[in-house]
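Contents: one structure, followed by commentary.
The values are calculated or read from the model by the stated rules, or taken from the named source; none is laboratory data. Here the structure is a predicted model, which is why all the values come from computation and not from measurement. As a convention, Cβ positions derive from the backbone with ideal geometry for all residues, glycine included, and neighbour counts pool all protein chains shown.
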Amino acid sequence: MSDTKSGDDKTSDGGQKKTLTLKRPGIEQGTVRQNFSHGRTKAVVVETKKRKFSMPGDNKPEAPAPQPVFAPKPPVQQVRPAPVVREAPRPAPQNERSGMVLNELSKSEMEARRRALEGSQARDAEERQRAIVEAKRRAEEDERRRLEREESARRQAEEEARIQAEADSRRRAEEDARRRAPTAAPAPINRAMEQEEEEAKPRPKGGRVAPAATPVRRVAAPEVPARPAKTKGEEDRRRGKLTLNSALSDDGAERARSLSAMRRRQEKFKRAMHNEPREKVMREVILPETISIQELAQRMSERAVDVVKYFMKQGQIMKPGDVLDADTAELVASEFGHTVRRVAESDIEEGLFDIADRPEDMEPRPPVVTIMGHVDHGKTSLLDAIRNANVVSGEAGGITQHIGAYQVEKNGQKITFIDTPGHAAFTAMRARGAQATDIAILVVAADDSVMPQTIESISHAKAAGVPIIVAINKVDKHEADANKVRTELLRHEVFVESMGGEVLDVEVSAKTGQGLDKLLEAILLQAEVLDLKANPERTAEGVVIEAKLDKGRGPVATVLVQTGTLLPGDILVAGNEWGRVRALVNDLGKHLSEALPSTPVEILGIQGTPQAGDKFAVVNDEARAREITEYRQRLARDKAAARHVGQRGSLEQMMSKLQTSGLKEFTLLIKGDVQGSVEAIVAALDNLGTDEVRARIVHAGAGGITESDVSLAETSGAVIIGFNVRANVQARQAAEQAGIEIRYYNIIYALVDDVKDAMSGLLSPERRETFIGNAEILEVFDITKVGKVAGCRITEGKVERGAGVRLIRDNVVIHEGTLKTLKRFKDEVPEVPVGQECGMAFQNYEDMHVGDVIECFRVEMVTRRL
Ligand SMILES: Nc1nc2c(ncn2[C@@H]2O[C@H](COP(=O)(O)OP(=O)(O)OP(=O)(O)O)[C@@H](O)[C@H]2O)c(=O)[nH]1
């Protein structure tokens, strides 16, 4: 902008703003005020030059000089205010041009300018030419790339098809080999899964970018020079940002995936074009214990919606998220034509239990005894008597407390008694796979002899392979007949020693203490025979005997250490719960520094309440404990959900449900403070069920109500019942959000009564009919516009308008309906009592005869109760 010709250039006086140029012909001058920041303004002289047009031949000698300067520029460009005003007035140039206009430039200057102008025009032309060439080159380049892209996609498709074919043939060969030698080399359990993964893996890019490494060199080699430039560009665009890492890493997965996706799209499109049905691929579906419909569909390579449709055809409305048990899933998979292989996800638990011990590490351990027998034969009395007489020496004086098991000492040897008499607990434990008992004491009252539960107890002990010692109790009673007991036991294949058998029998009295020592000796003798041993020098394993949520101490569990030594600070997993042992407390309330094999001990520090019968084991660290319990909790949740779904989910049950349609269910989730009370509630609720309505318990357990309970209740539409427990804040909030009802109780009967009431509501109300009266038709009148009216006499009770009526002829009901009119003389009346005559007409019915009887009745809908 320094080439301005503003008056400033010619001004030597800085304060003088006017230009000192002469008024030139063809140039108009004006002044414009220009605004700047900070309110500054400046007057600017504007010159407008009238344009001269000259014909090509018009070659005036003076013309070329000014024209090169001004001609290329449009007139408006002559307004050049800004640079003019900003510059400080410069001292007037010292050359001869001072005060002269431009068209009076020297010849040499003119020449220089002309040259410059010509140079710039030439450059412009050159650039234009270059741009055209460049555009052409770019178009060619684009076309070449496009062709290359197409070619590469085609080769890629060919390549993958070939690799696929190779993999198929390899698999077939492997299968053939396996079939030929089925036992020679059993495939590892995950072989099929690995193979499937292998096939599912995106094809490595090696086949394309590094062909030498693979046998596909022949196909790939020619592509090498062209491809990297092209795919790289594509890749970069896709990734957006090219980092050093991404540039250097050999990650071809994304490229392979996107190319496969392209291929799939192409195939899909082709299929759609030719209307070809998809080729059905039979798969081996790996089934865990529970699986969601979505996951199952994925493993079968089917659409989830097809599986849902399949269920719909079976009359079941399912969602893709619903969980199926393995049996149902297997049925579905085989319906879709796939084979299944079931696997256990329990690998995570491997090595948790049953660590092999070396024989030399084994040391004798005390026997664990359970007392069984018929009701009122004295089990509790016997347990109490033994305990009171034989508390572990040195610990007498402690306040005994019920922790579910206790230890006594006899002749310096310890015996552990499980303090929950009866075979129910024994069976519950066995049902969970735990066997805590070494010896069963069968209590039979000498005055009552063998009774039904005595026989049941015998069966349980025998089924568990636990030796029996018979305690013939209440021998202090004068009507006691111990021999009768012995002979009756013979009938149930319990051959006592005194009858020539091998089963030890002892006559005892829990009341007087008679024979208790003998009983304990018999136990020790039996234990000796059993040669009970365990390795105390290892991490502890055992079984949960009882668990509860203690108000002050949180979750508390009584465990029986079966092997190893349990120490405070140990991290253990028990059922679905884990925790770090904070304290070990025995049945006398004493804190122990260790719990050796066969010791029952109460532990504090677990996160939740496990269930009686759950096995426990000490693990190395919290992470493992968490991992195992999370897996187990997930499993339990899935199982509960599958059980719930199973009600509608399994085909077998679908059928049975269809047959028993009309059965209403009252779904409940029960949480209680101790396992015992929960079991009692469940049993009581089970008894409420009828053919029409029953309580379905989706989950029952000890412990507070948690968020997972709420979500289970939500999925199964259950009401949550808390017995002596409360919901935590999260659970409460979740329940509020989900609209789940939580009811709290502290009395079982109140709970059962409420459930009964609620279930009664589910029973459809009963239609109850009450007879009101009878009338005999004496005459039938046909009245115009009204129709037939029966003239009757009330023979019994009364007749009410609005009540139900039946027309009875020869004791057969001809019609049932309502009355249209009930009249005495000419008046409509609400009712007519016995002995009086009246006129009656039926609604929409006229076939009445003399001698028919009209029965009048009232119908009520009565709510039924269980
Ligand atoms: N005379 C006498 N009575 C006994 C003896 N043992 C128990 N009893 C009584 O028998 C009744 C039942 O005894 P429990 O110990 O409650 O019997 P149980 O087998 O534990 O009963 P459930 O817990 O209901 O199965 C009680 O009234 C005891 O006092 C005994 O050796 N002699």
Worksheet entry | region 349-385, residues that are over 23 Å from V619 (Cα atoms) and either assigned to a loop (DSSP other than H, G, I, E, B) or more than 16 Å from the ligand (Cβ to nearest atom) (or both) | E360, P364, P366, P367, V368, H374, V375, D376, H377, G378
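The rows are residues; the columns are (1) of a type in the set (K, R); (2) at pLDDT 85 or above; (3) within 16 Å of the ligand (Cβ to nearest atom).
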site: V281; (1), (2), (3): no, no, no
site: L296; (1), (2), (3): no, yes, no
site: K313; (1), (2), (3): yes, yes, no
site: H338; (1), (2), (3): no, yes, no
Worksheet item: Can you find even one residue in region 493-515 that is in contact with a helix residue (DSSP H, G or I) (Cβ under 8 Å, 6 or more places away or on another chain), modelled with pLDDT under 90 and either polar (S, T, N, Q) or over 30 Å from D447 (Cβ atoms) (or both)?
Response: yes
Discussion item. Here is a check on your reading of the model: is P568 outside the structural domain of A623 (by TED's automatic domain parsing) and within 30 Å of E627 (Cα to Cα)?
Written reply: no
Item to complete: Please indicate, with yes or no, whether at least one residue in region 508-516 is free of Cβ contacts under 8 Å to residues at least 24 places away in the same chain and of a type in the set (K, R).
Response: no
Discussion item. Looking at region 472-490, I want the residues that are touching a residue at least 12 places away in the same chain (Cβ under 8 Å) and within 16 Å of K379 (Cα to Cα) and have a partner that is within 16 Å of the ligand (Cβ to nearest atom) and of a type in the set (K, R) with Cβ atoms under 6 Å, at least 6 apart or on another chain. Which pairs are those?
Written reply: D476/K511
Worksheet item: Any chance region 488-508 includes a residue that's within 10 Å of the ligand (Cβ to nearest atom), closer than 22 Å to V408 by Cα and in a loop (DSSP other than H, G, I, E, B)?
Response: yes
Worksheet item: Which ones in region 317-344 are crowded, with 18+ Cβ neighbours inside 10 Å and of a type in the set (K, R)?
Response: none
Practice prompt. Could you list, in sequence order, all residues of region 689-698 that are under 20 Å from Y744 (Cβ atoms) and modelled with pLDDT under 80?
Written response: V698
